1. Which of Ile113, Phe301, Thr280 sits closest to the plus end of the dipole of the chain, meaning its Cα is farthest towards the positive end, when Lys and Arg get +1 and Asp and Glu get -1 on the C-beta?
2. Lys and Arg at +1, Asp and Glu at -1: add these up for the other residues within a Cβ distance under 15 Å of Gln338 and post the number.
3. Provide the per-residue ³J(HN,Hα) series for the stretch 182-191, in order, calculated from phi with Karplus coefficients 6.51, -1.76, 1.60 and θ = phi - 60°, each as a whole number of Hz, with x at glycine and proline positions.
4. Of the accessible area of the stretch 105-189, with the probe set at 1.4 angstrom, what percent is carbon plus sulfur?
5. Per residue, what accessible area does the chain have, given a 1.4 Å probe and all protein chains present, in Å²?
6. For Tyr304, what accessible area in Å² do you get when you roll a 1.4 Å probe over the heavy atoms of the protein chains, rounding to the nearest 10?
7. Output the antiparallel fraction of DSSP beta bridges having both residues in the chain, as a percent to the nearest 5.
8. Any chance you could look up the accessible area of Tyr227 with a 1.4 Å probe, heavy atoms only, rounded to 10 Å²?
Amino acid sequence: MKKIQMVDLQGQYQQIKETVNTSIEEVLNSSAYINGPLVHEFQADLEKYLDVKHVIPCANGTDALQIAMMGLGLEQGDEVITADFTFAATVEVIALLKLTPVLVDVDAKTFNIDIDALKKAITPKTKAIVPVHLFGQVANMDAVMEIAKEHNLFVIEDNAQAIGANYTFKDGRKQKAGTIGNLGTTSFFPSKNLGCYGDGGAIFTNDDALAHTIRGIVNHGMYRRYYHDVVGVNSRLDSIQAGVLKAKLPHLDSYCNARRNAARFYNSAFANNTNIITPTAKSNNNSSCGEICDTCDCHVFHQYTLQITNGKRDDLHQHLLEKGIPNAIYYPVALHSQKAYQDDRYNEEDFPVTNELIKTVISLPMHTELDDEQLKFITQTILDFIN
């Protein structure tokens with residue numbers, strides 16, 4: 001059996017080696033390392049794939065979130081609501097911009113922002129909502145957009161983990177994750193479903209005026225060299241990373257399907273164990289395919305995350321490591337409990353789901369190169385331990 005990797009980037013590279021190398025050589029031969037032709041070609045390819053008017057590449061996913069908020073003209077003290085159970089980058093940029101982060105609990109099944117908690121958190125100071133499409137599953141965007149419209153709020157989708165996923169609205173329409181709100185952001189960190197070989201990110205929007213503003217912000221506030229019209233930053237996707245992403249984008253759907261197939265294997269293996277809660281694929285309150293059906297496209301399984309309910313999550317984590325099976329606990333500390341983001345406004349009783357998840361979740365190897373032998377070994381090792 002091949003060595004099991006949490007993410008097998010080397011194995012994936014071998015399948016697309018020739019195309020990737022050709023793209024990199026093109027950049028090296030042209031010496032157009034910054035804002036070269038491949039950046040513009042990748043941008044156009046991604047706009048077509050997402051069916052969105054504007055993709056603005058930038059240096060990383062955290063920058064993408066910060067630049068999106070800068071583009072909306074949010075002011076110091078404005079409240080921005082987001083999920084408590086996610087990576088810190090989402091709340092980090094809110095604090096950096098001197099906005100006021102408002103953390104709310106998540107849904108017990110999807111781990112995405114809890115709609116009732118979101119409604120309760122809105123105040124006259126609320127200006128924006130940042131739903132995080134966690135682990136590759138799209139948040140309940142029907143409800144988020146309805147709330148935003150009712151209260152005249154901006155919506156910034158944190159799509160760092162769900163690029164390639166579709167959201168099916170209640171009326172049957174489908175739209176790519178990250179293209180539904182006023183703005184969407186993503187990360188091209190190497191382990192993402194669409195990852196480069198360094199750092200990278202992008203912002204998406206269908207709003208022409210917002211796109212124009214953001215194109216200036218990512219480039220020192222310039223639309224013409226040495227003329228600074230807005231306060232900006234230096235955040236660009238370099239040409240080599242764009243070349244890698246251009247080579248990988250045509251494979252994104254097959255990558256997502258491979259992850260779904262691995263998730264189906266896991267779910268089937270664990271289906272009858274009462275101490276294990278497997279992920280469901282549920283995009284809104286009116287659609288659920290918990291068994292990850294053949295037409296499932298609302299979840300792209302950036303992570304495959306179980307809940308271990310018998311109190312032995314930490315023991316399982318260590319046991320798997322001893323057996324050569326990498327695994328991870330995303331996330332061991334809730335954001336509202338992190339030293340940097342503690343606030344007297346938060347009450348522990350407002351975060352029952354998050355506080356339970358940090359004690360029970362464990363993520364298993366998930367990538368495009370997993371084979372049946374590896375999956376059988378992983379699942380049997382877990383079942384033997386749990387039983």
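1. Of the candidates, Phe301 comes out farthest on the positive side.
2. Every neighbour counted, the sum reads -3.
3. Karplus values, whole Hz, x for Gly and Pro: 4, 9, x, 10, 8, 10, 10, 3, x, 7.
4. Values: 1540 of 3020 Å².
Accessible surface attributable to carbon and sulfur in the stretch 105-189 totals 51 percent.
5. Working: 16810 Å² over 387 residues.
Normalised by residue count, the accessible surface of the chain is 43 Å².
6. Approximately 0 Å² of Tyr304 is accessible to the 1.4 Å probe.
7. Working: 26 of 41 bridges.
Antiparallel: roughly 65 percent of the beta bridges in the chain.
8. 120
The values are calculated or read from the model by the stated rules, or taken from the named source; none is laboratory data. Not measured: the values here are computed from a predicted model. For neighbour counting, all protein chains shown are included, and Cβ atoms are generated from backbone atoms with ideal geometry for every residue, glycine included. Heavy atoms of the whole protein, side chains included, go into the accessibility calculation; ligands, DNA and RNA do not. Shrake-Rupley method; radii C 1.70, N 1.55, O 1.52, S 1.80 Å.
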